[in-house]
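No lab work stands behind these numbers, since they all come straight from the coordinates. For clarity, every value in this text was computed on a predicted model and none was experimentally measured. Cβ: placed from backbone, ideal geometry, glycine included. Neighbour counts: every protein chain shown.
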């Protein structure tokens, strides 16, 4: 039995449905526990051999696993008074009695300008993942309620705990809101595409089932395996499963509708649709899955784990759309297309719309078309000039201005810029004094704490003069590392927030250098095997790389001059690259598999026009769905999510309307049968290989 006959079989379709119902029942038990395995600790992001990771482990001997809340008191009408100091001291005593707050609380510390006072309150989190984050959030909320009744003083809570609480507050309910928005976008687009009040229900059900199964699988791997689930995994997983799953559904529906006009039996029609469209759908899904699995060789643990987690989501969507979805369509019958049901023997709808006109223009001057299009994309890529992804500071990571950001700005006005985020130095106890001298002598260090010796190690903290996570702060960390590494016998490690972010940036740069060519090789090999050619994969890869550069160039300009973002996370270019390359190749696969099919009968040039006609509408709908789902990420309150959402949405639309329809079609038409070299198809000559084929409607077979 052919694999395509299983979900379309008269009896086997029911077996497929029962299997997925049972799987959903089991997966539903575990999917709700997904948040319990989410980890946002910085130590879980970095590679184990990173110096800051080693410093984190050594520092646990001296300090509990705490997140510091920095409380800043400002008096805008003059110097702080003795009564203000007494009030802050009383606050410190009240903070010390709160759950998860540990002692000693540092302060009150008066600013040199005498207009502000500072407290540093350590908060422990006994749990991990969502539990640990909720403990920090609860403690900060209690502290903020205490601070509300301080007349004449402006108060802020910032520092790592303040940021963690603001992030948790910003994301409160965001996962459900994003899911509802994504569902609404998909429904609207499907209703507009098919103008059917019922057809949209089937793909939506299947995508929802796929998401539940994916969440359950990721939970099990994170709970009992070595997978690390990040906080942003859930958000990207939602839009990726809905976007990719709906794309696969659209492609299958389009081919199924064609086959229903050629086969009286809907089971035979679905089997034929799966044979023809299934290859493209499987190739598309496998391309994205393998591209994401390439992340397993990344240095960053966050990247290494998020890639496979998203690959699980794509695999779940792919499995649902080639088994459950076709079975459900066959069970429902032709009426699901109401009010325009495709009947047996009815002619294909006339295709004299925009794709016919585009094909006519391309066929007249294909070389001028692809050269002009390439130059236009190259101009768009010039927006990358000056774009860097290494200057995102924590205060710039929100699309709004939460209290932690205003608090950090207040700290910068009155205290040393790095006071709330000191560097940590841990070394051998015998080198305590030489280490302290080396730290104190390092340019960019404002103050050094006395050495603390314990269990053969010494612990120091240094206050930076530069703002946390700035280029100046990173330069100070590098100088400090050079200085302490030169102390004989110290075996010192430098950690702290700035060191962590510096190591994160460098690991992200390493991962970009490694993964970009690796993903291109994987994608190229899959296309080569699918089309049995060498030229076609190289041409298609060139188009998607050019499309990526153009999309990122426009996005970089938009980030700076429209949205006003201060920078980009170091991991942003890699994520945008993978999504745009793997998803952009999807549409090329959808198009070129149809062109390859048509070329066997009509020749490559005529096949290019027929392929464009046949796939233009469905690929456009798929692109709009995918762009809409990723655009939903821009509603989240983090710059990271907004940048990914905009760049991928814009890139998908650019690829759908320009690259795939114009550039790829023009290149295929101009290159002709040589596109399939060295397969036999590259040696089969037809009239259309020598003459321009007149655009035509796609005649039924």
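Relative to the first principal axis of the alpha-carbon coordinates of the chain, what is the inclination of helix 497-531, with its axis defined by its Cα atoms, in degrees from 0 to 90 and to the nearest 10?
Helix 497-531 sits at roughly 10 degrees to that axis.
Once you keep just the Cα pairs under 8 angstrom separated by 6 or more residues, what percentage relative contact order results for the chain?
Across the chain, relative contact order equals 18 percent.
Quick one: what do you get for the range 413-502 if you divide its Cα Rg by 2.2 N^0.38 Å?
0.99
Could you let me know the centre-to-centre spacing of the range 421-473 and the range 151-228, using Cα atoms, in angstrom?
Computed from Cα coordinates, the inter-centre distance equals 41 Å.
Just want the ordering: 408, 258, from fewest to most Cβ atoms lying within 10 Å of their own Cβ.
258, 408
Over the Cα atoms of the chain, how large are the radius of gyration and the largest Cα-Cα distance (Dmax), in Å?
Cα only, the chain: 29.3, 95 Å (Rg, Dmax).
What is the angle, in °, between the Cα long axis of helix 12-31 and the longest principal axis of the Cα atoms in the chain? Nearest 10 is fine, range 0 to 90.
The angle comes out near 10 degrees.
Round to the nearest 10 and give me the degree value, 0 to 90, for the angle of helix 366-381's Cα axis relative to the longest principal axis of the chain.
10 degrees
Compute the distance from the alpha-carbon center of the range 289-344 to that of the range 354-399, in whole Å.
Centre-to-centre distance over Cα atoms comes out at 28 Å.
Rank-order 516-528, 306-318 by packing density, defined as the average count of other C-beta atoms within 10 Å over each peptide's residues, highest first.
The packing order, highest mean first, is 306-318, 516-528.
Could you grab the relative contact order for the range 437-580? Cα pairs under 8 Å, six or more apart, rounded to a whole percent.
So the answer I get is 17 percent.
Per DSSP helix of 4 or more residues, -39500 (n - 2.57); summed, then divided by the residues of the chain. What does that give at 222 nm, rounded to the nearest 500?
Helix contribution divided over all residues of the chain: -20000 deg cm²/dmol.
How big is the Cα convex hull of the range 64-170 in projection, averaged over all directions, in nm²?
Details: hull surface 26.4 nm².
Result: 6.6 nm².
At 1.002 mPa s and 20 °C, plugging the Kirkwood radius over alpha-carbon pairs of the range 557-657 into Stokes-Einstein gives what diffusion coefficient in µm²/s?
For these conditions, the coefficient is 144 µm²/s.
Order by neighbour count: 248, 224, fewest other Cβ atoms within 10 Å first, most last. Mind dumping the intermediate values first?
Numbers: 248 30, 224 9.
Sorted ascending by nearby Cβ count, the order is 224, 248.
Hey, can you rank 331-342, 428-439 by average C-beta count inside 10 Å, highest first? Kindly include the intermediate steps, with their values, before the conclusion.
On the way: 331-342: 14.0, 428-439: 18.5.
For the peptides 331-342, 428-439, the packing ranking is 428-439, 331-342.
For each of 35, 247, count neighbouring Cβ atoms within 10 Å of the residue's Cβ, then give the residues from fewest to most.
Working: 35 17, 247 29.
Ordered from fewest to most neighbouring Cβ atoms within 10 Å, 35, 247 come out as 35, 247.
How would you rank 607-614, 232-239, 79-86, highest first, on the average number of other Cβ atoms within 10 Å across their residues?
Highest mean packing first, the order is 607-614, 232-239, 79-86.
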